[in-house]
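This report concerns only the one structure given below.
A short reminder: the numbers here are calculations on the coordinates, not readings from a lab. Being a predicted model, the structure only gives us computed values, none of them experimental. Ideal geometry is used to build each Cβ from the backbone, glycine not excepted, and the neighbour counts take in all protein chains shown.
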Number of protein chains: 2
Amino acid sequence: MQTELSRRLGIEHAVFGFTPFPAVAAAISRAGGLGVLGAVRYADPGALHRDLDWIEARTGGRPYGLDVVMPARKVEGVTEADVEAMIPDGHRRFVEETLARHGVPGLGPGDRSGWRITGWMEDVARAQLDVAFDHPIALLANALGPPPADVVARAHAHGILVAALAGSARHAVRHAEAGIDIVVAQGYEAGGHTGEIATMVLTPEVVHAVDPLPVLAAGGIGGGEQIAAGLALGAQGVWLGSLWLTTDEAELHSPALTAKLLAAGSGDTVRSRALTGKPARQLRTAWTDAWDDPDGPGPLPMPLQGLLVAEALSRIQRYEAAPLLGTPVGQIVGRMTSRRPVQAVFDELTRDFTRAVARLGRIAGGTEGA
Amino acid sequence: MQTELSRRLGIEHAVFGFTPFPAVAAAISRAGGLGVLGAVRYADPGALHRDLDWIEARTGGRPYGLDVVMPARKVEGVTEADVEAMIPDGHRRFVEETLARHGVPGLGPGDRSGWRITGWMEDVARAQLDVAFDHPIALLANALGPPPADVVARAHAHGILVAALAGSARHAVRHAEAGIDIVVAQGYEAGGHTGEIATMVLTPEVVHAVDPLPVLAAGGIGGGEQIAAGLALGAQGVWLGSLWLTTDEAELHSPALTAKLLAAGSGDTVRSRALTGKPARQLRTAWTDAWDDPDGPGPLPMPLQGLLVAEALSRIQRYEAAPLLGTPVGQIVGRMTSRRPVQAVFDELTRDFTRAVARLGRIAGGTEGA
């Protein structure tokens, strides 16, 4: 599965796998795709350093990438404490009341607030980048549009391609003007932050808008026939995130969450501001229902909501409070019905891709069903 | 572009074109697709008879179809007057106030309430069917799931294939159990009534769920690369509705509405209950904003909302009240940027489909970008 972009990156298949788990990223790269590690949960640059070393030791020189969450514009002189102070008391009470209603205890003295979403803070992201540029990463992706200009320049000086996620053609054009190399067109059905435009419509729009920049199709892709569809839409590769959450290598550390993912159907996600303050697709849970309830206080804007709920999410995960337990995931979750190694998932993707393309060739050639 | 289904129907291309306009339906069938006329606006069976005769005279024996809006379960003994009586006065006042705010006059004595949505009434739909079965239609589609069992049996006795729209795999399975022949998997991005699941995810889900029944992919399809994507997802054909609204043959009779459609981007639609009471994608307008305003009374359930707003929509159209003027249309509206004959649109679809499949073959074969 070769495109101009996959050749440029030296990968066998134009499949880009986003994941928060080093073992998944390494396995994707070993399988011939490009594993992209999400950096947002690494508040400690040392831990990121160790995990990138770990990936490198297991990919045998095959390329891999890093995904950061970095706003293009710097907010000068604002500390985490400043932002914390902007959170209304009523919202803090609502968090505690919701947790109490489900009997979720507080964290113990030894518990870490592991999923704290602080990666959006510019200083945290910059510390992550210092670590990243010490490693031979092939791709730097940013979930919040283009990184700041100096970061793009620094990446290019290291020979690193820069990718930015976009939910509309207008945003994609703005990203392209900021000097990035690849646009990830993230459709409505995708897990995490999404806009309203579905992958089927968004992908060709973005391809035309930023031509000749390469575009990756993201959202709703979890099978070989969907890879074929994404590439048919003009993309030079596909970006898959959800699918890896139920692989053997994924370190969710939560049997209850894994069980929920395996049981969920395509209709069991919701695009909600409950997680970060911006609309992000995730499992629908009692937690998202509480935030989306018109009688509740509703989510705060980014970045307040992320800070407000960080500890609560850690508590929900620590105690596996099943009704509240969720994760960002796309509508493709309906297809994730068994735990398997990354390699088995990847083999099925490439096999079904080949089948879908062969069938399409017969349809176009007039021999299908003849 | 041949699939098992297109062979069975005797059409050259597996492209199904839904349209409320006879001239568009005839042109689609002439171009080698299957034109499907929407019957919902024909309150008068005589007019439908004339228009089907007209289509037949212009398709030279090529197949065409009819789309009705018929609930699977009959509501016994309920008249239009009974339903009218269920509409709260506050909602009637809200309609008048919204029209008054935009200076929309009442209808004159000679004006017909042309777009009255009465086709959902069982007796109207049955009168339409009596007309349909007098014509050699190849396909009977129903927008509200499977038609009643006796209608399916009658269609089959005439050798007519029956199709039903579905927005989820669960609904598709129910439709299949009702004995229909084709499922139209209608994705979130489609115009008209839609569910939440995007075409990219919905199509393969429905294909697997109803196998071996053939599935048409609907929603977000307006270009040859999107046809390739829809077929890559396992569909045996594609169902396009929005794209034809700006063709030369479309009889919108409203320069203002045509101008709005040509100017709209993919982000200018909304999935709203303003039109029928069920979520339907349409142009976002001051009218949909008024109904979706949390401070307003909000839409009534189907079929009340359709009856409530029928005359108002006729007035908005009669006087071309631009800010209020809308129509069901999918996110693909962003691609509709010029008025062209159906044949030109169709030629571009098949040409770009062939190109997309050829590129995909090079990607799979490892020769793309080499």
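Positive-end ranking of B:V36, A:L300, A:T79 along the dipole of the protein assembly as shown, with charges on Cβ about the Cα centre, is headed by B:V36. Projecting the Cα atoms of A:M70, A:V333, B:F133 onto the dipole axis of the protein assembly as shown, where Lys and Arg carry +1 and Asp and Glu carry -1 at the beta carbon, places B:F133 farthest toward the positive end. 3J(HN,Hα) along region A:10-16, derived from phi through the Karplus expression 6.51 cos²θ - 1.76 cosθ + 1.60 where θ = phi - 60°, amounts to x, 10, 7, 10, 7, 10, 9 Hz, with x in place of Gly and Pro. 3J(HN,Hα) along region B:152-164: 4, 4, 5, 4, 4, 4, 8, x, 9, 6, 10, 10, 9 Hz, from the Karplus curve 6.51 cos²θ - 1.76 cosθ + 1.60 with θ = phi - 60°, whole Hz, x for Gly and Pro. Taken about its Cα centre, the protein assembly as shown carries a charge dipole of about 980 debye when Lys and Arg each add +1 at the Cβ and Asp and Glu each add -1 at the Cβ. Each Lys or Arg adds one and each Asp or Glu takes one away; over the other residues whose Cβ falls under 15 Å from the Cβ of B:V207, this sums to -3. For region A:320-370, what does the alpha-carbon gyration tensor say about shape, rounded, prolate or oblate, given a ≥ b ≥ c as the root eigenvalues, a/c under 1.5 as rounded, and a/b over b/c as prolate? Prolate is the answer for region A:320-370, as a/c is 1.5 or above and a/b outweighs b/c.
A label point on A:S338, set 7 Å along the Cα-to-Cβ line, lies at 5.1 nm from each of its counterparts in the other copies, closest listed first. With label points set 7 Å from Cα along Cα→Cβ, the inter-copy distances at A:G296 are 2.7 nm, sorted shortest first.
Rounded to the nearest 20 debye, the dipole magnitude of region A:152-279 is 440 debye, with +1 charges on Lys and Arg beta carbons, -1 on Asp and Glu beta carbons, and the Cα centre as origin.
Principal axis analysis of the Cα atoms in region B:184-264 yields extents of 44, 23, 19 Å, listed in decreasing size. Taking the label point as lying 7 angstrom from Cα along the Cα-to-Cβ axis, what are the distances from A:T367 to the corresponding position in the remaining copies, in ascending order and in nanometres? With the label placed 7 Å along Cα→Cβ, A:T367 yields 1.5 nm. For A:G38, the amide hydrogen comes within under 5 Å of the amide hydrogens of A:T19, A:F21, A:D67, counting only partners 5 or more places away or on other chains and with H modelled in the peptide plane. Kirkwood radius, region B:36-90, all distinct C-alpha pairs, inverse of mean reciprocal distance: 14.1 Å. Phi-derived couplings, Karplus 6.51 cos²θ - 1.76 cosθ + 1.60 at θ = phi - 60°, listed residue by residue for region A:95-102: 4, 5, 5, 5, 5, 4, 4, 9 Hz, with x used for Gly and Pro. Structural descriptor for chain A: relative contact order 18 percent, calculated from alpha carbon pairs under 8 angstrom and at least 6 residues apart. Of all beta bridges that DSSP places with both ends in the protein assembly as shown, some 20 percent have antiparallel geometry. In chain B, the DSSP beta bridges split such that about 20 percent are antiparallel, to the nearest 5.
Equivalent ellipsoid of chain A: semi-axes from √(5λ) of the C-alpha gyration tensor, largest first, are 32, 24, 20 Å.
Residue by residue along B:221-227, Cβ atoms of other protein chains within 10 Å of the local Cβ number 5 on average. Counted by Cβ distance under 9 Å from B:P301, the other residues give a net charge of +2, where Lys and Arg count +1 and Asp and Glu count -1.
Around the amide H of B:V184, modelled in the peptide plane, lie the amide H atoms of B:A164, B:L165, B:A166, B:L216, all under 5 Å away and 5 or more residues distant in sequence or on another chain. Relative to the longest principal axis of the Cα atoms of chain B, helix B:199-210 runs at roughly 70 degrees.
Stretching the chain fully between A:A157 and A:D347 yields a gain of 64.9 nm (0.36 nm per residue, less the alpha carbon separation).
In the elastic network of chain A, a GNM with C-alpha springs shorter than 10 Å, the most mobile of A:P109, A:P341, A:P136 is A:P109. When all alpha carbon pairs of the protein assembly as shown are counted in 10 Å bins from zero, the resulting P(r) reads 3, 14, 24, 25, 19, 11, 4, 1, 0 %.
Net charge dipole, region B:50-199: roughly 260 debye, given to the nearest 20, about the Cα centre with Cβ charges of +1 for Lys and Arg and -1 for Asp and Glu. Computed from the Cα positions only, the extents of region A:246-342 along the three principal axes stand at 40, 26, 21 Å, in decreasing order. Among the residues of A:352-360, the average count of other protein chain beta-carbon atoms within 10 Å of the residue beta-carbon is 5. The angle separating the long axis of helix A:45-59 from the principal Cα axis of greatest extent in chain A is about 30 degrees. For the protein assembly as shown, lysine pairs with C-alpha atoms less than 24 angstrom apart, excluding pairs fewer than eight positions apart on the same chain, total 4. What is the distance in Å between the Cα centroid of region A:6-54 and that of region A:158-202? Rounded to whole Å, the Cα centres lie 19 Å apart. FRET efficiency for the B:A85 to A:D130 pair, using the beta carbon distance and R₀ = 56 Å, is estimated at 0.20. Using a cut-off of 12 Å between beta-carbons, work out the net charge of the residues near A:P323 (Lys and Arg +1, Asp and Glu -1, A:P323 not included). Net of charged neighbours comes to +1.
Measuring nothing but how far apart in sequence close Cα pairs (under 8 Å, 6+ apart) lie, relative to its length, region B:17-70 scores a relative contact order of 43 percent. Let's test the formula: R0 of 45 Å, r as the Cβ-Cβ distance of A:R340 and A:A178. What FRET efficiency results, to the nearest 0.05? For R0 = 45 Å, the calculated efficiency reads 0.70.
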